[in-house]
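Reviewing the structure listed below.
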Amino acid sequence: MVIRLREWRQKRAFSQAELAAHAGVSKATIVNLEQPGRRTPHPRTVRKLAVALGVSPEDLYSPEQDDQENAR
């Protein structure tokens, strides 16, 4: 599953460490999630990140990924 974490983090002008602190996750989690295919995010983690970024959890998912899944 691909999430657009880096894109949203940069839009909000957060460093990885700042986002981690606001979301209550480790910086390593942010680093891993920003590298495509490295780690699948847990739904609870996605919700925490969405709250910290001020977006809905759905906003974090890549539209291209949704299109590919719907085509199956």
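The values are calculated or read from the model by the stated rules, or taken from the named source; none is laboratory data. Predicted, not measured: the structure shown is a model, and the values here were computed from it. Positions of Cβ are backbone-derived with ideal geometry, glycine not excepted, and every protein chain shown enters the neighbour counts.
Mind checking which residues of region 13-24 are closer than 16 Å to Ile3 by Cα and either at pLDDT below 95 or outside any helix (DSSP H, G or I) (or both)?
Correct list: empty.
Where the second residue is of a type in the set (S, T, N, Q) and in a loop (DSSP other than H, G, I, E, B) and the first is touching a residue at least 60 places away in the same chain (Cβ under 8 Å) and lies in region 1-14, which pairs have Cβ atoms under 9 Å and are six or more apart or on separate chains?
If the second residue must be of a type in the set (S, T, N, Q) and in a loop (DSSP other than H, G, I, E, B), the pairs left are Met1/Thr40; Met1/Ser62; Val2/Ser62.
Just the residues that are in a helix (DSSP H, G or I), acidic (Asp, Glu) and either modelled with pLDDT of 90 or more or surrounded by 14 or more Cβ atoms within 10 Å (Cβ to Cβ) (or both), please, taken from region 26-72.
Listed by number, the residues that qualify are Glu58, Asp59.
Would you tally the residues in region 1-11 being more than 11 Å from Leu49 (Cβ to Cβ) and either assigned to a loop (DSSP other than H, G, I, E, B) or modelled with pLDDT under 90 (or both)?
Result for region 1-11: 2.
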